[in-house]
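The values are calculated or read from the model by the stated rules, or taken from the named source; none is laboratory data. Remember, predicted model here, so these are calculated numbers, not experimental data. No Cβ is skipped: glycine too gets one built from the backbone with ideal geometry, and neighbour counts run over all protein chains shown.
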Amino acid sequence: MALQFDLRRAVENDQLILHYQPKVDLTSHCVSGVEALVRWQHPEHGLIYPDAFITLAEKNGLMKQLTLKVLKMALRQCDLWYQQNLNLNMAVNISAINLQDPIFPDRVAELLGKFSVPACYIELEITETAIMTDPLRAIENIKKLNGMGLQVSIDDFGTGYSSMAYLKELLVAKIKIDKSFVMEMDSNQSDDIIVRSTIDLGHNLGLKVVAEGVESQKSWDRLKELGCDSAQGYFMSQPITADQFMEWIKES
Ligand code: C2E
Ligand code: CA
Ligand code: CA
């Protein structure tokens, strides 16, 4: 209960910060973009990771506010990079609550209007489960967001209640293969088959495929061999602050 109370204050009082994890193109080896990942800088408990508070925020009606805060911080950073001629795609995670919220696209449009970076640099990551909560409403929102020029991608692909319908309708630009398959693909043949088949499925539908949870050179090489488009994981970089990211990009 104490954490619940603190979280409300955290969202209101700017205790949320973002770390950024690069996504690297497997062909060109260039950084194609980053994923913004929220952390809670708690005054007493230090840095708290999202797995410990996202569900709490969802249960306590804080998710709409939290997502808009995250989106605003991500947009500000993306805009700053854009003005420095660093054209990076910025991906933000959105929850089922946002996807079901009929005014969410309007809120996103309002925020976009405050910055100069074009909407096509912004990507929203959603899970299959979030779509399946109320597919009709979700699809309506995805269509509106697409219409505004934003990209939508499917996160944790392969772990939720899959529906090929939205993939078929080409409502999404990208699928992200869940890290649970990618992390074990070196040692587990079934995971390797799942990763390979997902890449083929995505490509046959004209979608880009991102692998997350790339932890080794071996996984990187295998994904390259399988024709996967880009990779994200500890092998390249952990999620880091914007300053650390600038250092990382210079060094690499
Ligand atoms: P996700 O969207 O699947 O994000 C990827 C998670 O995998 C991140 O954990 C990242 O640090 C971790 N990861 C990245 N590369 C590797 C790797 O090579 N190996 C391993 N073992 N892990 C890797 P993080 O930052 O703790 O985030 C956890 C989850 O919290 C995210 O999973 C996402 O579902 C949620 N989340 C994070 N930020 C937000 C946000 O702003 N809004 C919402 N709604 N959810 C968020
Ligand atoms: Ca994600
Ligand atoms: Ca994921």
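The single condition among (1) under 20 Å from Trp220 (Cα atoms); (2) within 16 Å of ligand 3 (Cβ to nearest atom) that Thr129 does not satisfy is (1).
Highlighted here are the strands (runs of 3 or more DSSP E) found entirely within the stretch 173-249 that include at least 1 residues which are among the aliphatic types (A, V, I, L, M) and away from ligand 1 (no atom under 11 Å from the Cβ): 174-177, 208-212. State which residue is nearest to Gly213 (Cα to Cα) when the search covers only the stretch 160-200 and only residues that are more than 14 Å from ligand 2 (Cβ to nearest atom), touching an Asp or Glu at 6+ places or on another chain (Cβ under 7 Å) and of a type in the set (A, V, I, L, M). Per the stated criteria, the residue is Met183. List the pairs whose first member sits in the stretch 158-180 and is touching a residue at least 24 places away in the same chain (Cβ under 8 Å), whose second member is aromatic (Phe, Trp, Tyr), and whose Cβ atoms are under 7 Å apart, counting only residues at least 6 apart or on separate chains? So the pair list comes out as Gly158/Phe181; Val172/Tyr166; Ile175/Phe157; Lys176/Phe157; Ile177/Phe157; Asp178/Phe157. Mind checking which residues of the stretch 9-24 are more than 17 Å from Lys72 (Cα to Cα) and either exposed (fewer than 15 other Cβ atoms within 10 Å of the Cβ) or in contact with a Gly (Cβ under 7 Å, 6 or more places away or on another chain) (or both)? Across the stretch 9-24, the qualifying residues are Arg9, Lys23.
Scan the stretch 147-170 and tell me whether some residue there is part of a strand (DSSP E or B), more than 11 Å from ligand 1 (Cβ to nearest atom), at pLDDT 95 or above and not aliphatic (A, V, I, L, M). Looking through the stretch 147-170, at least one residue is part of a strand (DSSP E or B), more than 11 Å from ligand 1 (Cβ to nearest atom), at pLDDT 95 or above and not aliphatic (A, V, I, L, M). Within the stretch 148-159, one or more residues are surrounded by fewer than 20 Cβ atoms within 10 Å (Cβ to Cβ), within 14 Å of ligand 2 (Cβ to nearest atom) and of a type in the set (Val, Ile, Thr).
State yes or no: is Lys69 surrounded by fewer than 14 Cβ atoms within 10 Å (Cβ to Cβ), farther than 30 Å from Cys228 by Cα, without any contact (Cβ under 8 Å) to a residue 60 or more places away in the chain and of a type in the set (Lys, Arg)? Can you show your working first?
On the way: surrounded by fewer than 14 Cβ atoms within 10 Å (Cβ to Cβ): no; farther than 30 Å from Cys228 by Cα: yes; without any contact (Cβ under 8 Å) to a residue 60 or more places away in the chain: yes; of a type in the set (Lys, Arg): yes.
So Lys69 does not fit the description; no.
Every test in (1) more than 16 Å from ligand 2 (Cβ to nearest atom); (2) at negative phi is passed by Thr127 save one, and that test is (1).
Filtering the stretch 149-166 down to residues that are of a type in the set (A, V, I, L, M, F, W, C) and out of contact with any strand residue (DSSP E or B) (no Cβ under 9 Å at 6 or more places or on another chain), which residue is nearest to ligand 3 (Cβ to nearest atom)? The qualifying residue nearest to ligand 3 (Cβ to nearest atom) is Met164. Picking from residues in the stretch 35-78 that are assigned to a strand (DSSP E or B) and of a type in the set (Gly, Ala, Ser), the one that is nearest to Gln4 (Cα to Cα) is Gly46.
Report whether or not Leu75 is without any contact (Cβ under 8 Å) to a residue 40 or more places away in the chain, more than 16 Å from ligand 3 (Cβ to nearest atom) and in contact with a strand residue (DSSP E or B) (Cβ under 8 Å, 6 or more places away or on another chain). When the stated conditions are applied, Leu75 does not pass them.
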